[in-house]
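Reading through the C-alpha cells given below for one structure.
The values are calculated or read from the model by the stated rules, or taken from the named source; none is laboratory data. Just so it is clear, the structure is predicted and the values come from calculations on it, not from any experiment. Note that we place each Cβ from the backbone using ideal geometry, even for glycine, and neighbour counts take in every protein chain shown.
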Amino acid sequence: MQGLFKDLDIISPFIVLLYVIIFRKIKGDSRIIFYYLLMQFVLNLGASILYLQFVIHNIWVYQLNCFLSFLLLVIFFRKINPFWKKFDTKNILSGLFMLLLAIIIFSENRNAFNSISYTIVSIAITFLCLNYYWFLVKETPLVSIYKNEFFFFVTGLLIYYSSNILVFASYRILTLDHLQTMSFWLLWKFHNFMLAVMCIFILKGFTCVTLPKTRS
C-alpha cells in the first residue's frame with residue numbers, strides 16, 4: 001500500500017491513457033486533456049527515475065510540469081469556454097506566462113519544490129474551473145451536463161487543484177535542503193490520492209466521448 005500511494009501519480013494517468021488509446025477516445029478538444037495526462041505520466045515517471053535510479057536533482061522536472069500544465073489548461077479552457085473569446089486572451093496569456101516564469105527563476109530556491117508558482121497556478125486553474133461552471137449554469141441544460149465530457153474533465157481538475165492549494169504552498173518549507181519529514185510524505189500521499197481522483201473523473205469524461213460513425 002505504501003508503494004501504491006507513492007506511485008499513484010504515475011499509475012493513475014497511465015490507466016486513463018491506456019483506456020483512451022485502446023478505445024480510441026481522442027477527439028476534438030478532449031485531445032488537450034489527453035496530452036495533459038500524457039505529460040503528467042512522462043514527467044512524473046521521469047522525475048521518479050532521476051531521483052530513485054540515478055539520485056539526480058529533479059526539481060526542474062516539476063518546474064517544467066507546472067509551466068506546461070498551465071499552458072495546456074489555459075488553451076483547454078479558452079477552447080471550451082466562449083466567455084474567454086470575448087477578451088484579448090493573447091495578451092493575458094503572455095502576461096501570465098511571464099509572471100510564472102519570473103516567479104520560477106527569481107523567487108524560488110532551486111533546491112526546493114516551487115511552491116509559489118504551483119500555488120498561483122492552482123488558484124488560477126480553480127478560478128477557470130469555477131468560471132466554466134458559471135458558463136454551464138447559464139448556457140447548458142442540466143440534463144446534458146452529465147453527457148458532457150468537459151464537465152467531468154473540469155470537475156476532476158477542480159478537485160485536484162483546489163484541494164492541493166495548501167499542499168503546494170507548504171511544500172517549499174518541507175523540501176528545503178532535500179528535507180523529507182513525515183509531514184512531507186503524508187502531504188505527498190494526499191497529493192497523489194487527489195491526482196488519482198482527478199484521473200477517475202477524467203476517465204469518466206472520456207467514456208462520454210463518442211466518435212463519429214463511419215459508413216459500413
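Some values worked out for this structure:
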{"item": "Residue selected from the range 20-30 under the condition loosely packed, with under 14 Cβ neighbours inside 10 Å and of a type outside the set (A, V, I, L, M, F, W, C), by the criterion farthest from residue 79 (Cα to Cα)", "result": "24"}
{"item": "Hey, residue 36 surrounded by 15 or more Cβ atoms within 10 Å (Cβ to Cβ), within 19 Å of residue 96 (Cβ to Cβ) and of a type outside the set (Asp, Glu) or not", "result": "yes"}
{"item": "Helices (runs of 4 or more DSSP H) completely within the range 120-216 that count 1 or more residues being modelled with pLDDT under 80", "result": "142-145, 165-175, 182-207"}
{"item": "Test: residue in the range 11-26 that is under 13 Å from the mean Cα position of the chain (by Cα) and farther than 17 Å from residue 66 by Cβ", "result": "yes"}
{"item": "Odd one out for residue 27, checked against (1) assigned to a loop (DSSP other than H, G, I, E, B); (2) farther than 30 Å from residue 208 by Cα", "result": "(2)"}
{"item": "Any hit, the range 62-77, residues being of a type outside the set (A, V, I, L, M, F, W, C), part of a helix (DSSP H, G or I), modelled with pLDDT of 90 or more and within 21 Å of the chain's Cα centre (by Cα)", "result": "yes"}
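To keep it simple, each residue is scored yes or no on (1) crowded, with 19+ Cβ neighbours inside 10 Å; (2) touching a residue at least 60 places away in the same chain (Cβ under 8 Å); (3) on the phi < 0 side of the Ramachandran plot.
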residue	(1), (2), (3)
119	yes, no, yes
123	no, no, yes
129	yes, no, yes
133	no, no, yes
139	no, no, yes
144	no, no, yes
149	yes, yes, yes
153	yes, yes, yes
157	yes, yes, yes
